[in-house]
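Novice: Sending over a structure as structure tokens; questions will come in a sec.
The values are calculated or read from the model by the stated rules, or taken from the named source; none is laboratory data. The structure presented is a predicted model; accordingly, all values stated were derived computationally and were not measured. Cβ placement follows ideal geometry from the backbone for every residue including glycine, while neighbour counts extend to all protein chains displayed. To get the accessible areas, we keep the full protein, side chains included, count just its heavy atoms, and leave off ligands, DNA and RNA. Shrake-Rupley method; radii C 1.70, N 1.55, O 1.52, S 1.80 Å.
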Amino acid sequence: MLLLVLLVGIAGGAVLSAVAGARRSSTAYERFRTETLASDLDVAFDGPPGDEAEAAADAMRALPEVVALGRLDFPFIVPAGSGFYPYLDFLAAVSLDSSDTGIDRPRIVDGRRPAAADEMAIVETYAREAGLRVGDHVDFESFAPEQLEPLFTTGDAGPPAGPRLTFVVTAIYDAPGFLSESTGDFTPRAFLPPAFSRAHGDEVATYPGGFSLRLRRGAADTERVTATLREMFPGPMLEVTPASEVDRKIDSSIDVIVTALGLFALVATIAGTLAIGQSLARHFATHGAGDRSLGALGMTRAQRVATQAVSALPIAVLGAAVAIGASVAASPLMPVGVARRAEPDPGFAVDGPVLLVGAAATVAVVLVLSALSAAAATRRLRRTAWRDGSRETSRAMRALRRTDLPLPALTGVGLVVEPRQGTAWAVRSAVAGVVVGVTGLVAVSVFTASTDELVRSPGRYGAPFDAEVSGFSGDVLEDGDDALIEDPRVAGAGVMTGGLARIDHDEVNTYSIESLKGDLSFTLLEGHVPRGGAEVVLGTSTLEHAGVRLGDVVDIQGARDSLRAIVVGTAVFPVVDERSAPGRGVLLGPDDLERISSPEEINVDILIRWSDGVDAEAANAELAAATETEVFPPRLPSDVNNLREVKVLPRGLAAVLAILAVLAVLHALVSTLRQRRRDLAVLRSIGFDRRQLGSTLLWQATAIALAGVVLGLPLGLVIGRLAWRAVANGIGVVDDPLSPVVAVVVVAVAAVLGVVGVALAPSLSARNVSAAEALRSG
């Protein structure tokens, strides 16, 4: 009964923890936005309104939908000696508001807000990357105001010509907008107070960042306010970016976590229900003599079933209590991933509704399973009561007897191959428990290995190159193309041209690729690359959004012209900005891309793939110095980063399944030991010594484990591969799963050793069976 209580408590605790964690995760980001008074709309001008900035700010504050307004500028400073490119590689922000404006209040993870001109706050990500803490001093280089224009045009601005600055870190910040950051996202790393602008505004190049608005009804007001702003400022080109665009990306990341926790709860519920049901069935099967006695005294079958079911009430109540305790104890582990960073109140949490409903459901499920198990047990007893136990020996048993196994091994394995009447259910359920555990561990091994391989292989997530050289329309690289192509370390080089287009009202990045050396193109999933003549390759998400398939015609609307193209393939696309994702993109031929795109929006980069054996990081740094421009390694997509962050969930599920399997097997061995005491007594009476009795049970456990491994390994491989393909197809990356041989072998060996280890205690108990006492009691 103690084992049953633990089984119910651990299964129920896993389910309650996952459900409570999912609920906590689903609201974490919105609670974070509320805590920090996050903005709903960013407004930027193509060129600042100049002396009219204050008037523009006052006009926007006067709008009835606007609750608060904030202003940021971006000074071009970089850590001294880093070689970073300002704005693109290292972005710093300075607030222009000296008072608390009631908007975008960052969460202070540590320290205090900066106030003096030589103080700064940094984001958590940069603090980890640079190994910085509150109180550290950091030297920065700055760019002079006259360098601002070449930094945004030719990229040939020379070394930083502004003053050298030293800042002290006074705070580490976190904010809702930072949560979208994985490798490849662009957010500020450092925040400076208004005093910086007053002290250095005339000697440091600064890009005007515009305004942030917090609206009365949040996202519901963005469309109306955007229209009003375009009427208020018809002259300059206005860029209005709703926070909902970032929100959608973060919500999508959190949805992955919530879905994963939901699947965790579902699988744990199914596995727990099966394990508890099997254990309860074994529990009631051991009381066969008592059931026959109650029947002989006149109780009907329904009364006997009800009596046995009610007897499980203490198991249900105590198990529910253990489940509640386990859920509360595990609550600090939740949420996970990006939701964990968003959670305003980390630590222990008590989700009253989930715990109350979950406890009641646990009790109800256990009682229902008890009734069903008791009914099945009494049915089996009635069906087998007239049998004398004699039957023809099976072929498997006859083959086993022809082997040279020692007698204890032959007997123990025989108890699994051909169990006697009344014990078949216990043996089969024990095998089923091992199958479930092995299946879960193998499936998780496949999923985890495939995730690790995806993260290690940029080509699988749309970046089959080692370096992306920002070309600023190609001007910087015109003189260096020949040197790159002739470099023996370069295995492949190509020109990537990018623009923007709309497909079915969805704005996506457009690309074309021209190989300069070797074969350098995006990773194809299906079909072939465009060969000109209005052919297009789409990302899987773009393909699904457009509602087309390979061979269909799709309308592509560019800034300059439109194109009707035939879909000839699907591909994985690299991350180049916040808009891009592996499944979002349009690959065209160079002529088609030039035809539909505005010359102002086209960007040309060089892609490099280094030869095997070349240190990519060192080669990228050397290339950056040679071209005097930024060289980016492949950027990890946020969807892939989400998989990496929630990898703890399948591992946790595997651990729960393994624990359930261990408890179920242990209960099975204890139950069968009680049922087979008379068999063991017979063996003892015909000459088995104490060691042989214990060995018999160990051999039985080994046979159960091997049967579970033989069935669980292929099932786990199939489930793991199917699960990985479903996830990979959903985010648009290469869906080729791995089958980690070493991990699978480790699971198989661990399963056998684990079951045998669990059987040690029952085997020691078997050694102490008294033949006279067991035979006398019948």
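Novice: What is the sum of charges around Arg721, taking Lys and Arg as +1, Asp and Glu as -1, for the other residues whose C-beta is under 14 Å from the C-beta of Arg721?
Specialist: -2
Novice: Accessible area per residue for the chain in Å², computed with a 1.4 Å probe and the full protein assembly in place, what is it?
Specialist: About 45 Å² of surface per residue is accessible.
Novice: So, one more: If amide hydrogens are placed 1.01 Å from N in the peptide plane, which non-local residues have theirs closer than 5 Å to the one on Asp136?
Specialist: Under 5 Å from the amide H of Asp136: Val169.
Novice: Let me spell out the model: positive unit charges on the Cβ of Lys and Arg, negative unit charges on the Cβ of Asp and Glu, origin at the Cα centre of the chain. What dipole size does that give, in debye rounded to 20?
Specialist: 9400
Novice: Further question: Compare the Cα positions of Val742, Leu697, Ala681 along the charge dipole of region 679-748 (+1 at Cβ of Lys, Arg; -1 at Cβ of Asp, Glu; about the Cα centre) and return the one farthest towards the positive end.
Specialist: Looking along the dipole axis, the top candidate is Ala681.
Novice: When the helices in the chain are scored as -39500 (n - 2.57) per DSSP H run of 4 or longer and the sum is shared across all residues, what 222 nm value do you end up with, to the nearest 500 deg cm²/dmol?
Specialist: -16500 deg cm²/dmol
Novice: Give the shape of the chain as rounded, prolate or oblate, defined through the alpha-carbon gyration tensor: a ≥ b ≥ c are the square roots of its eigenvalues, a/c under 1.5 means rounded, and otherwise the shape is prolate if a/b is larger than b/c and oblate if not.
Specialist: Cα axes put the chain in the prolate bin.
Novice: Based on the alpha-carbon gyration tensor of region 544-608 and its eigenvalue square roots a ≥ b ≥ c, which shape applies: rounded if a/c is under 1.5, prolate if not and a/b is larger than b/c, or oblate?
Specialist: Oblate is the answer for region 544-608, as a/c is 1.5 or above yet b/c matches or exceeds a/b.
Novice: Moving on to the next point. Using each residue's phi in region 120-134, evaluate 6.51 cos²θ - 1.76 cosθ + 1.60 at θ = phi - 60° and report the 3J(HN,Hα) Karplus result to the nearest Hz, with x for Gly and Pro.
Specialist: Along region 120-134, the couplings run 8, 10, 10, 7, 4, 4, 5, 4, 5, 4, 8, x, 9, 9, 4 Hz.
Novice: Okay, next question. List every DSSP H helix in the chain whose Cα atoms extend 24 Å or more along the helix's own long axis and whose mean Kyte-Doolittle hydropathy is at least -0.5.
Specialist: Counting only whole DSSP H runs, the qualifying helices are 2-36, 244-285, 313-330, 352-384, 424-456, 648-675, 690-731, 741-758.
Novice: Taking the dipole about the Cα centre of the chain, with the C-beta of Lys and Arg at +1 and of Asp and Glu at -1, give me whichever of His505, Ala619, Ala175 is farthest to the positive side.
Specialist: Ala175
Novice: Further question on the same structure: Within 10 Å of each candidate Cβ there may be at most 12 other Cβ atoms; applying that plus a DSSP loop requirement, which trypsin sites (Lys or Arg not before Pro) in region 112-163 survive?
Specialist: Arg112, Arg133
Novice: Amide H neighbours of Ala501 under 5 Å, counting only residues 5+ apart in sequence or on other chains, H built in-plane at 1.01 Å?
Specialist: The list, which skips near neighbours in sequence, is Val508, Thr510.
Novice: With a sphere of radius 15 Å drawn around the Cβ of Glu231, what net charge do the other residues whose Cβ falls strictly inside it have (Lys, Arg +1; Asp, Glu -1)?
Specialist: 0
Novice: Taking square-rooted eigenvalues a ≥ b ≥ c of the alpha carbon gyration tensor, is region 551-649 rounded, prolate or oblate, where a/c under 1.5 means rounded and, failing that, a/b exceeding b/c means prolate?
Specialist: Oblate is the answer for region 551-649, as a/c is 1.5 or above yet b/c matches or exceeds a/b.
Novice: Test of understanding: given the chain, find the longest segment containing no chymotrypsin sites (Phe, Trp or Tyr not before Pro) that are in a DSSP loop and have at most 14 other Cβ atoms within 10 Å.
Specialist: 387-778
Novice: Starting with the highest mean, order 564-575, 743-754 by the number of other Cβ atoms within 10 Å, averaged over the residues of each peptide.
Specialist: Most protected by this proxy first, the peptides run 564-575, 743-754.
Novice: Arrange the peptides 523-534, 731-742 so that the one whose residues have, on average, the most other Cβ atoms within 10 Å appears first.
Specialist: Top of the packing list down: 731-742, 523-534.
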